[in-house]
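The values are calculated or read from the model by the stated rules, or taken from the named source; none is laboratory data. Small disclaimer: the values here were computed from a predicted structure and weren't measured. Counting neighbours? That spans all protein chains shown, and the Cβs are built from the backbone with ideal geometry, glycine included.
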Amino acid sequence: MSSTDQSFSLAIIGSGIGGLALAIGLLKQNVRCTVYEAAPVFDAVGAGIGLGPNSLKAMALMDEEFAKMYDDIKVGNTAPERYNEQIEILGAEEGFRHGGSVRHPDFTRSSAHRRALLEVMKSLIPEGTVKFNKRVVSLVQKDSKVSIEFTDGEKVIFDAVIGCDGIKGMTRREVLESRYPEEVPAKYCNEYVYRGITTMENAKAIIGTYAEDARWFMMPNKGWAMYPISGGKEVNIVVFVNDDKPWVGEQAARPVEKEEMLRELEGFDKRLIGLLEYVKPMRWPLFHHPDTPTYVKERICLLGDVAHASSPNQAAGAGQGLEDALVLSRVLGLVKNASELDAAFEVYDLIRRPRAQKVVQESKDVGDIYFLTHPDFGTDLEKITEDANRRLPLIWWYDLEADVKIAEEEFRKKVARLPTVGKGSAEKTSKKKTSIFHPMEG
């Protein structure tokens, strides 16, 4: 389909990784869209991001240039013998008890700074596609249209809206509240993290060559993950704490006194304790959406964290958003008119929701394993490594091409069952006037 022939309009709410990936995929399918972002500029929340082979495959299937540009910024492990290693598992107590290597002969370690990834993504999107300072205050569905109102008073109408507005995004409420109100808020994973970044030079001065490659240090109810980012010039640090209490109040980071953080993290090897100099005394609670019953309500659809936010225990959350963007952009690329949008969203939900929700649920279970509290694994690091080497390839080499093919076939079947709309009726509908600006009309 030529974008000049496009007879339907699409809005994307949110310009994070999921929203921009969808825009990239749609543009490759010659489908125009408008992205609305509440912030004044592109903003990367968080620091490092790890992407597995499934993520890189999704990029390449959406736009080969996307995959090539990411390849230029990604960072792998430094040591040649760790080229095919995802992460080394070690004990976090004094002396770093050896656990094992999570690896695969076809795997290549891949991580980057979120800011660098967003720079790549925005370079692939035409200027003017993203509208900044556009915070949505209401979404109203009527007559197969979605009206969007922003805090600045502007109102626009689209044929469909894709919510990519993050774990607490308002589009989730619009899709779920009337039918599944209990699933609107994210659920606490019973863990929180402390985060930090330092230079590779600083990290090596304290922990030596352990800083050069990705490692996860484990002890009961605590963990420490670190890996290189920014072309190997910096090290990303994430310290995990198991929490058996509910998180009370706002789902947001909370500052603590540095002394409290140090007391809480007693028991780590003294080298890790030394690195706490570069870790902020700020608790970031981890929430997720493990039981989302649908990603769709009429002409509003959910993608990425707003649909299936995950704990980071498998480094798979961002990859699921990229997979979403691949499948949805391919199906929307087949849509010929607005009447087919419902079928496209139904197929997307059918294909993507089982896969994504399974990853979310499994990631929570993995958290118990990595905190050394799971009854089947206990403190046996070798057994934990064996499990990771069995489990992660099922995520990494999932057959995305098969999912795309099934999605396209299912869409065509659904469209074939739609009633035929007469030409005169279609023309009459397209000429119907509205007092609210429609982006496809101007």
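Laid out as a table, the results:
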item: Residue tally, condition of a type in the set (Asp, Glu) and over 18 Å from Lys297 (Cβ atoms), over segment 344-377; result: 4
item: Matching option when the condition is surrounded by 18 or more Cβ atoms within 10 Å (Cβ to Cβ), modelled with pLDDT under 95 and of a type in the set (Asp, Glu), among Glu174, Glu234; result: Glu234
item: Failed item, numbered, when Met69 is tested on (1) outside any helix (DSSP H, G or I); (2) at pLDDT 90 or above; result: (1)
item: Counted residues, segment 1-41 - those being β-branched (Val, Ile, Thr) and in a loop (DSSP other than H, G, I, E, B); result: 2
item: Where Ala252 falls short, out of the listed (1) farther than 22 Å from Gly50 by Cα; (2) in a helix (DSSP H, G or I); result: (2)
item: Test set (1) in a loop (DSSP other than H, G, I, E, B); (2) surrounded by 24 or more Cβ atoms within 10 Å (Cβ to Cβ); (3) more than 12 Å from the chain's Cα centre (by Cα) - Ser310 fails condition number; result: (3)
item: Residue match in segment 182-191 (condition: over 24 Å from the mean Cα position of the chain (by Cα) and either within 30 Å of Arg82 (Cβ to Cβ) or part of a helix (DSSP H, G or I) (or both)); result: no
item: Residues of segment 336-353 satisfying the condition of being in a helix (DSSP H, G or I) and among the polar types (S, T, N, Q); result: Ser339
item: Within segment 127-148, considering residues that are farther than 22 Å from Leu328 by Cβ and charged (D, E, K, R), the one surrounded by the most Cβ atoms within 10 Å (Cβ to Cβ); result: Arg135
item: Residue tally, condition in contact with a Pro (Cβ under 9 Å, 6 or more places away or on another chain) and surrounded by fewer than 18 Cβ atoms within 10 Å (Cβ to Cβ), over segment 149-171; result: 1
item: Scan of segment 237-250 for residues that are surrounded by 12 or more Cβ atoms within 10 Å (Cβ to Cβ) and either farther than 23 Å from Asn190 by Cβ or at pLDDT below 95 (or both), ordered by number; result: none
item: Hits in segment 105-126 - residues which are surrounded by fewer than 16 Cβ atoms within 10 Å (Cβ to Cβ), modelled with pLDDT of 95 or more and not polar (S, T, N, Q); result: Pro126
item: Single residue of segment 206-221 satisfying the filter (out of contact with any Asp or Glu (no Cβ under 8 Å at 6 or more places or on another chain) and not in a helix (DSSP H, G or I)) that is nearest to Gln314 (Cα to Cα); result: Met218
